[in-house]
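Just below is one structure, and these are the notes that go with it.
The values are calculated or read from the model by the stated rules, or taken from the named source; none is laboratory data. Only a predicted model underlies this, so the values are computations on that prediction, with no experimental measurement involved. Cβ: placed from backbone, ideal geometry, glycine included. Neighbour counts: every protein chain shown. Calculation scope for accessible area: heavy atoms of the full protein, side chains included, ligands and nucleic acids excluded. Shrake-Rupley method; radii C 1.70, N 1.55, O 1.52, S 1.80 Å.
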Amino acid sequence: MRHPSICVPAHSGPLPWNRPLIGEAEIAEVVDTLRSGWLTHGPKATRLEHTVKERLGVEDAFAVTSCTAALHLSFLAAGIGAGDEVITPSLTFCAAPNAIRQVGARPVFVDVDPVTLNITPEAAEAAMTSLTRAIAVMHYGGQMCDMRAFRKLADRHRLLLIEDAAHALHASRDGLRAGSAGDLSTFSLYANKVAAAGEGGLLAGRGDLVQQARLLGRHGIDSSAWQRHGKRNTADYEVTVPGLKYVMSDVTAALAVVQYDRLPEFTQRRSAIAAAYTRALAGLPGLTTPTVLPGVEHGWFLYAVLIDPDVAPLDRDQLAAALVERHLISTSVHFKPVHTLGPYRDMVHRPMPVTETSAARQLSLPCCPAMTDEDVERVINAVIGVWS
Ligand SMILES: Cc1ncc(COP(=O)(O)O)c(C=O)c1O
């Protein structure tokens, strides 16, 4: 059975580990924008910002070009710079560490918890120095960090708390939505994310910081093009700080507003696929399925298994090769630890045994709402087949 309301071409070649699910509503919204005569940041981006602000219960939200842009603006808006340290995981995408480096600060990597692959408040506290200015957590795969504990820790040490919620647009823990506890939070609308707009990102959080980020993200100009349009002469502006250009276009926002609204439906499907995988694969020797902690509503951006090469019949890379070569099933790896990558390799780091072991064992199986029930069965049978 094909999942209802699919509007994507049937794919040929390997089953992708992730692909977007675009319907007629998204197409209609984009066409409406194309016909409107207003393509850049305007009414659709503003609508998206209002929706995000209301759903998260935060003071403000700003729609930008990517999660990376949102991260860069976060550190700039918070005034983090040369001489400052930011505590963050190494088991993540390079975007946050790169943004920290771009503002002249130093990422201080801490090891992750072996069950959730998230950093813990205890590990963060142990890494604090007199130079620490912020903690930038990342909700691995869509399972949130313990944000109540992180909020208390950040307040106790007067640190800024940033949530890289790129994986967790629709996730919660202990009654807190991802993105609602940080001083600033960032989300990704990249093509493979749980709400996909091709490229795109969101910055949400404290009103003063988001306002400063908004200024920095539109050249430092004191009003947006949409605000000036019709009301003021378009050239009637002042540049108050030397800013950058990171605003989301309304073409992207048109796609994003519809995808954002569909998150409950998407997450329900991701969750059902995850449950089917766990039911079928949990008993395989040497394969660890994801553990969802009590109180967590998982966003299921990733269905991440760990392969213990001493117990399983093959290692992670061999499993990935078998799935794609024998069964035409693509998988992915999240992540190469950032401390092992070029610009970070020569820095001094704390030991990160869990990060390194997990990174060598982790494999992301296909888990997205564009998958049919047959696709899910195919993945299950292929994995079980490798074990038999
Ligand atoms: C944890 C994390 N943060 C940030 C990003 C960057 O997102 P974007 O491509 O929207 O800049 C990614 C992208 O995959 C990510 O996985």
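How many Å² of accessible area per residue for the range 263-387, probe 1.4 Å?
On the way: 5440 Å² over 125 residues.
With all protein chains present, the range 263-387 gives 43 Å² per residue.
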Checklist outcome for this item: Measure of exposure for F93: accessible area at 1.4 Å probe, Å² rounded to 10, is 120
Checklist outcome for this item: Exposed trypsin sites (Lys or Arg not before Pro) being those in a DSSP loop with at most 11 other Cβ atoms within 10 Å, the longest stretch of the chain free of them is 1-157
Checklist entry - On the accessible surface of the range 24-261, probed at 1.4 Å, how many percent belong to carbon and sulfur atoms? => result 52
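When Lys and Arg each count +1 and Asp and Glu each count -1, what net charge do the other residues less than 14 Å away from D208, Cβ to Cβ, add up to?
Details: positive: R206, R214; negative: E59, D60, D183.
For residues surrounding D208, the net value is -1.
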Checklist outcome for this item: Calculated from DSSP helices alone, with each H run of at least 4 adding -39500 (n - 2.57) and the total divided by the residues of the chain, [θ]222 nm to the nearest 500 comes to -11500 deg cm²/dmol
Item to check | Amide proton proximity set for H41, modelled H, under 5 Å, gap of 5+ | outcome: D250
Next on the checklist: Leaving out ligands and nucleic acids, and using a 1.4 Å probe, what accessible area per residue does the range 79-156 come to in Å²?
Outcome noted: 34
Next on the checklist: Let me check I've understood the local charge: for P353, count other residues with C-beta under 15 angstrom from its C-beta, Lys and Arg +1, Asp and Glu -1. What total comes out?
Outcome noted: -2
Item to check | Length released on extending from K245 to R106, taking residue separation times 0.36 nm less the Cα-Cα span | outcome: 47.6 nm
Checklist outcome for this item: On the formula 1/(1 + (r/R0)^6), with r taken between the Cβ atoms of T372 and A191 and R0 of 25 Å, the FRET efficiency rounded to 0.05 is 0.80
Checklist entry - Using the alpha-carbon centroid of each, what span in Å lies between the range 199-251 and the range 345-377? => result 36
Checklist entry - At a Förster distance of 35 Å, what's the computed FRET efficiency of A282 paired with K336, Cβ-Cβ distance as r, to 0.05? => result 0.85
Checklist entry - Which cross-chain or sequence-distant (5 or more) residues have an amide H under 5 Å from the amide H of L160, H modelled 1.01 Å from N in plane? => result A134, I135
Checklist entry - Which whole-Hz ³J(HN,Hα) couplings does the range 149-160 yield from phi under the Karplus relation 6.51 cos²θ - 1.76 cosθ + 1.60, θ = phi - 60°, glycine and proline marked x? => result 5, 5, 4, 4, 4, 4, 5, 4, 9, 6, 10, 7
Item to check | the chain shape via C-alpha gyration tensor axes, a/c threshold 1.5 | outcome: oblate
Checklist entry - Going 7 Å from the Cα of D32 in the Cα-to-Cβ direction, what parts of the range 188-227 have a backbone nitrogen less than 19 Å from that spot? => result 196-198
Checklist outcome for this item: Scalar couplings 3J(HN,Hα) for the range 173-188 by Karplus 6.51 cos²θ - 1.76 cosθ + 1.60 (θ = phi - 60°), nearest whole Hz, x for Gly and Pro, are 8, 6, x, 9, 6, 4, x, 9, 9, x, 5, 9, 9, 10, 10, 10
Checklist entry - Once phi is turned into θ = phi - 60°, what whole-Hz ³J(HN,Hα) does the Karplus curve with 6.51, -1.76 and 1.60 give for every residue of the range 321-329, x standing for Gly and Pro? => result 5, 5, 5, 7, 7, 8, 10, 6, 10
Next on the checklist: I want to check a number: in the chain, how many lysine pairs have alpha carbons closer than 28 Å, given a sequence separation of 8 or more or different chains?
Outcome noted: 11
Checklist outcome for this item: Interchain or sequence-distant (5+) residues whose placed amide H lies within less than 5 Å of the amide H of I329 are L15, V324
Checklist entry - Which percent of the accessible heavy-atom area of the range 263-387 goes to carbon and sulfur, probe 1.4 angstrom? => result 54
